[in-house]
C-alpha cells in the first residue's frame, strides 16, 4: 500500500501527473467508441426484457440440487399438461436448488393445471412453489414511472449542481458523464443478453445517483483549485487536471469500496439464487459504478474544461500559463536555431509556430 | 461542529447516549427482529390496478371492501394497502393463498329475488311479522334531487352488468364465485354430503318445475325439494353456523341463504339483475325523520319491478336484495311502484342507510380493475434462500470493505471499522423502530440498498482521510489537519450525500412496489451516514489526534511519513 500512497503524494503535489485534460480527445474517442458499440448493440440485438415487461407466468420450483435433468423433467411435465400457451416453456436452473420455468400468461384455471403438473413432477408440496403472474401492461407502467423519475431526478440534480457550484457548465458536464454511464450500462445489457427486470431498472436509477455523487466530489476539488487559479498561476485546464489527479486516489478507493459490496451481492446472488432481483440489481450497479468512476475522471472534467475554454478569463489564464510554460521550458526558445543559410532577423520570438 | 474548540469527548458521549436511547425505545417496543417482507418470509401478494383514474376516495373504499373480504375469508394478518393512486396491494404472509385471487378480484353480484320462506315465520310463503319492519314504498314523497343522488360519476364502475335474468341461466361468467361461496358454507356446516345432495335435488327439481320460471307464482308454491332442502338447512343449524350462503348464487335457480342477522331464506330465481338498477341513495324524505334508501330501476327493471309490486303489494310477501348470495335486505311492498323509483324504509341510521346504498350502487367495488392482476407467490424455501443470500452478501460486503480500509488506512482503518459498526448499529435500530411505528418491512431490495450504502458510507471516511493526508502533505500537523481537512471534507460530503438522498427520494416517489424498499433503505442509510460522519467519525479522529500513535505518525497509524509519501510529518508540538 505504501507505493500507492507514494503515488497519492506525487499526484497531490503535481510531481507526477496524468494528463487527463490534455488527452481529452483521446478519452472522448474511447467513450465515443464504447457508446457507439452500446447503441449498435441496442438497436441490433435489443434488450432481453424480463417477464415483468412482457407479461407471463413464472414458476420457481425448489429441488434438492438443480441439474439439467430436473429442468428437462419439469419441461416435459409442463408441456404435457396440455394447457394452451405452455408449449414452449423457458426452463432454466436458478442457483443450485431451484428450477425456473417461464410460460405465457395463464388464466387462473390453466395456472392451477400447470401447478399440479409441476408439483407432481417435482414431488414437492404446492405451498413450496413460488409463482409470479404478470400481465403485459405492468412492465409498461414500471418503465413509465422510471422514466418520469429519471427526468425529475435529472432536472433536480442539474438545478442542485448549478446552485452548489454556481456554474451551469458543471451541470452540463455532469449530465454528459451521466448519459455516458447509463448508455454504456444499457449497452452491456443489450450485448450480454441479461434479462432486464424492474430490479435492473432500479439499479440503473441508482447509477444516476452514484455517477453524480462521484462527479460532485471531483468537481468540488476542481472548484477549489480553479478558485485560486490566478494566484497559483495555472490555467483552468491545469488546475482542473491537478484536481482530477489529486482526487484520483480517492476515486479509486471509493470505487473499490463501493464495488466490493456490490460485487459480493452479485456473487452471492448469482451463486445462491441464480436469476433473482438481487443479481439483476447488482449487475446493473456493478457496470454502472465502474463506468461512473471512469466518466467522472475521464469525461466530466475534460468536458468541463472544454466548456470553460470559451470564457474570456479562462482563455486569458490559458494564454498566460502557456507563455509561462514556454518560458520555463526553454528560456532561450525565442532564439532561433542556427542554420547555415538562416536569414538574419532583428526581432526574434513572435512566431509561435517555432514553439513546441 | 467544526469549532476549533470542539470537544470530541463530549460529542462522543452525547452520541452514544442518543444511540442508547434509540435501543431503549427498541427494547420498549419489544421486537428485536425486523418485519420481513413477503419475499423474505414467504406469502402471496396480489396487486390490482384500477382502470382509468379512480380517485382517492373510491380507491380507499375498494381497499376497505377487499380488506373485509380477505380478512373475512379467515386469513390471518392479510394486509391491504393502496399504492400509487391506482393500485391496491393485498399481501398475505405465510401460506400459499392463490385461492384468494378471485375473492379479491371479483365485483360482487347484486340480484333481486323473491322470498319463499324465511326462518322468522318458520313456514313458507306465509305472512307473519317481519324482523325489522322494513318496507318498500313508492318514492313519490322524495324530492327529485335526492333520487338522483350520486348519479353519473359511478356509472362507469358498474361496467357491463348483465340483463334481466328471468329468462334463465346467464350466471355462467361468474359461476366460480357461486361455487366458492357454496364451498365456504359447506366447510362451516356439518353433514355436508346430505345437505349438498338436498340442494342438488332442489336445483334439479326446480329446473323441471315450470313455475320456477315464474317466481311470482313459485313463491306461493315453491318446489317441494327446495322446501325440504331449506328445512334440512335449518335443522342442521342453518345460519348459526356462520354460513353466509348455503348454495351457489346462480340467478336461474332458487337460493337458500342468510342475511347478516342470521335469518335463513329460501329465495326464488332472480327477478332483476343488479345491472338494471340505475341508482341508489340514502336520504330523509320530506316530512319524515328516518333515513330511507332510494332505488331507481332502468326501463326493463322498472317493468319487472312494477309486476313484482303489483303482486306483492298488500301482502306480507317479501322481496330480497341479494349481494353475492347474501341477503342485504328483505322488505315488503307498501305500494304499487310503476315508475321504477322505490324507497326502502325501516330502522335505518345514516350509516346503515349509506352502507346499503353504497352496496346497491357499486355492486360492491366502487372501481373496476384491469383483467390481469399481478400475483406473486413466494414459497418458504425461496424466501429462506433470499434471506440467507441477502445476509451473506451483506456480511461478505461489509467484511471486505473493512478489510480493505484496514489494509489501506492502517490505524485510521480502525476508525472506519468502528464507524461502519456504529452505522450498522444505528441502521438496525432504525429499521426496528420503523417497522414498529411506520410499518416498514425489510425486503430483499431493501437489504441490497443497505449493502450498497456500505460503499457510500465508507466513501465519506475516504474523502475525509484523504483530505487529512493532503493537509499533512502540505506540512500541517495532524491535529491541525484533522480540523482543516474536516472543513473541506464536510462540504464535499454534504453535497455528495445530498445528491444520493435526492436520488433516493425521487426513486421512492416514482418507483413501484419493492423498488420503494430499496430507495427507502438507500435514503435512510445516507442520513445515517451523515449522522455518523458528523457526530462519531469526526470527533473520534479529533480524539485520536491527541495520541502520539497518530500525531507522531507511527508506522501503523496510516499517517506515517512513509505512507504519506513525504519525508517527515509535522508534529506540531507536544500532544
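Quick note: the coordinates plus some simple rules give every number you see, no bench work behind them. The shown structure was predicted, so the numbers you read here are calculated from the model rather than taken from an experiment. Here the Cβ positions follow ideal geometry from the backbone for every residue, glycine too, while neighbour counts run over all protein chains shown.
The figures follow:
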| item | result |
| --- | --- |
| Angle between chain A longest axis and helix A:68-80 axis [Cα atoms, degrees, rounded to 10] | 60 degrees |
| Per principal axis, descending, Cα span of the range A:56-134 in whole Å | 30, 24, 21 |
| Angle in degrees between helix A:277-295 and the longest Cα principal axis of chain A, rounded to the nearest 10 | 10 degrees |
| Ranked B:538, A:306, criterion: other C-beta atoms within 10 Å, fewest first | A:306, B:538 |
| Förster radius 25 Å - calculated FRET efficiency between residue A:140 and residue A:107, Cβ distance, rounded to 0.05 | 0.75 |
| Chain A: radius of gyration and largest Cα-Cα distance (Dmax), Å | 28.5, 102 |
| Between 0 and 90°, nearest 10: helix A:168-192 axis offset from chain A longest Cα axis | 40 degrees |
| Two-site label geometry, residue A:40 and residue B:82: point separation in nm, points 7 Å out along Cα→Cβ | 5.2 nm |
| Alpha-carbon centroid distance for the pair the range A:140-198 / the range B:364-406, whole angstrom | 25 Å |
| Cα centroid separation, the range B:12-52 to the range B:270-342 (Å) | 51 Å |
| Extension gain from residue B:235 to residue B:290, taking 0.36 nm per residue of separation minus the Cα-Cα distance | 16.1 nm |
| At R0 = 45 Å, FRET efficiency that the Cβ-Cβ distance of residue B:197 and residue B:336 yields, to 0.05 | 0.60 |
| Residue A:49/residue B:316 FRET efficiency (R0 41 Å; Cβ-Cβ; nearest 0.05) | 0.05 |
| Neighbour-count order for A:165, A:338, B:348, A:210, fewest beta carbons within 10 angstrom listed first | A:338, A:165, B:348, A:210 |
| Per-residue Cβ neighbour rank within 10 angstrom, fewest leading, B:295, B:266 | B:295, B:266 |
| Nitroxide proxy distance, nm - points 7 Å out along Cα→Cβ at residue A:191 and residue B:208 | 7.8 nm |
